[in-house]
Amino acid sequence: MLPRFLRVQSAFPLLTALVLAACSTTTAPPVVESRSEPAAPSKPAPVATPAPASSSTRSSPPLASVPALGRPLQPAEWSELPGWNADALEESWPAFMASCRGLARQPVWQPVCEAGRALGTTSSGSEIRRFFEGRFSPWRVLNPDGTKEGLITGYYEPLIRGSRAKSRDYNWPVIGVPDDLLNVDLSDAYPELKGLRVRGRMGGHNKVVPYYTRAEINRTPERFAHKTLLYAADPIELFFMQVQGSGRVQLPDGRLVRLAYGDTNGYPYQSIGRWLVDKGELKLEQASMDGIKNWVRANPARLNELLAVNPSYIFFKEVPNTPGGPVGALGQPLTEGRSMAVDPRSVPLGAPVFLSTTNPLSTQPLQRLMMAQDTGSAIKGGVRGDFFWGFGPDAGTMAGRMRQKGEMWVLWPRDQTPR
């Protein structure tokens, strides 16, 4: 079931208070779970709050707030792109064609995409390089303070074990979008709040109140029994699937079920890795995805305490298990190693982006043409990207280790100004 986008006139005084409260939220550097609450594909993307926030108290209302960053892009030359001539651009072509499908209604993209389709699907890397150099101009992405480097993390599509039926081995519900979840668009009544949404539910006296936190949802699974899609075997694997925003579930008979982002309860994302570091449970270098999983296995009695640190909760929807990657915010399947999540306030969604970074835990250059086809609530800022590594455990290992410095250049149709 798709989330409902409602306008609740009687709730506007409360919503105004929620806006003011959320604006006071401060942020800290993310630790591990770099991607959270992706924009839902094929519908208006739910705007998400930065992660991790400094407080997870009930008094911080669930609000999605995105202050204007603008697009700090600076004209550049092709010679400034390190590794551009060495990239196997033919590997990026299917992802570029996917971007063209997602951008089909935008006039600025129509001429270059028509030319790209005419080029065909069997062109060589040199032909594709001439295509980009002849029809695009590079624009360097800057941070608001004018610096050129930023954080590049990784994400992936997880595989977890689950079942249609609850049992001792499969006990953690995978929940679909609840019927009582309100998704309120504020912009009609308050144009200055364009892009802001708030999630909640109807409480007593016909008032909109914050939706249930993760801890409350986990304590009362019977409330969501009629919306339970599956039951997962491992709660921490389910948690990380929520962080990634999509995944596949292997049933006991071997069949695979694919899950996509449905909606969120609206709370600011909180990093459990950061909490473990702050509590002295893990050192910073240990706060990887694998490190967190190992901590949980060594401290099973503290599982609920850890999960409650992040009040944000992702609801899923079941989608066909089609070939290709999960559908990103652009509404197109992601391409392993060629799609990335960006902050659309600074990098136009769908645009080609040349990325210069290094491989996880390495100084080996990773320089290639990517497509900005996804978003995530922890992906905030100018030079900030999340590299899609693909599906399964190997991709998860790479994604969990990736926390590199990088530079980015947007490729925009020639003689046009990015907007």
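Couple of notes before you dig in:
- The criterion of being over 27 Å from residue 314 (Cβ atoms) and either within 21 Å of the chain's Cα centre (by Cα) or part of a helix (DSSP H, G or I) (or both) does not hold for residue 154.
- Just one of (1) in contact with a helix residue (DSSP H, G or I) (Cβ under 9 Å, 6 or more places away or on another chain); (2) at pLDDT 95 or above; (3) aromatic (Phe, Trp, Tyr) fails for residue 267. It is (2).
- Selection within segment 84-105: residues that are at pLDDT 95 or above and either assigned to a loop (DSSP other than H, G, I, E, B) or among the basic types (Lys, Arg) (or both). The member of this set that is surrounded by the fewest Cβ atoms within 10 Å (Cβ to Cβ) is 88.
- For beta carbons closer than 8 Å, sequence separation of 6+ or different chains, a first residue in segment 114-143 that is assigned by TED's automatic domain parsing to the domain that holds residue 92 and under 19 Å from residue 370 (Cβ atoms) and a second that is among the acidic types (Asp, Glu) and at pLDDT below 95, the qualifying pairs are 137/415.
- Summed over segment 361-419, residues that are of a type in the set (Ser, Thr, Tyr) and under 26 Å from residue 136 (Cβ atoms) total 2.
- Only residues that are under 27 Å from residue 239 (Cα atoms) and part of a strand (DSSP E or B) were counted across segment 372-419, and they come to 14.
- In segment 293-329, the residue that is farthest from residue 215 (Cα to Cα) out of those that are in contact with a Gly (Cβ under 7 Å, 6 or more places away or on another chain) and aromatic (Phe, Trp, Tyr) is 316.
- Scan of segment 106-137 for residues that are surrounded by 15 or more Cβ atoms within 10 Å (Cβ to Cβ) and not in a helix (DSSP H, G or I), ordered by number: 123, 136, 137
- Every residue from segment 251-277 that is surrounded by 13 or more Cβ atoms within 10 Å (Cβ to Cβ) and more than 18 Å from the chain's Cα centre (by Cα): 251, 252, 257, 274, 275, 276, 277
Residue-by-condition table, conditions (1) at positive phi; (2) within 20 Å of the chain's Cα centre (by Cα); (3) buried (at least 16 other Cβ atoms within 10 Å of the Cβ); (4) modelled with pLDDT under 95:
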{"site": "288", "(1), (2), (3), (4)": "no, yes, yes, yes"}
{"site": "296", "(1), (2), (3), (4)": "no, no, yes, no"}
{"site": "305", "(1), (2), (3), (4)": "no, no, no, no"}
{"site": "329", "(1), (2), (3), (4)": "no, yes, yes, yes"}
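- Cross-chain or 6+ apart pairs with Cβ under 8 Å, segment 147-161 first and in contact (Cβ under 8 Å) with a residue 24 or more places away in the chain and crowded, with 24+ Cβ neighbours inside 10 Å, then β-branched (Val, Ile, Thr) and part of a strand (DSSP E or B): 152/357
- Residues in segment 384-401 that are of a type in the set (A, V, I, L, M) and crowded, with 24+ Cβ neighbours inside 10 Å: 399 alone.
The values are calculated or read from the model by the stated rules, or taken from the named source; none is laboratory data. It should be emphasised that the depicted structure is a prediction, and the values quoted were computed from it without experimental measurement. Glycine also receives a Cβ, built like all others from the backbone with ideal geometry; neighbour counts cover every protein chain displayed.
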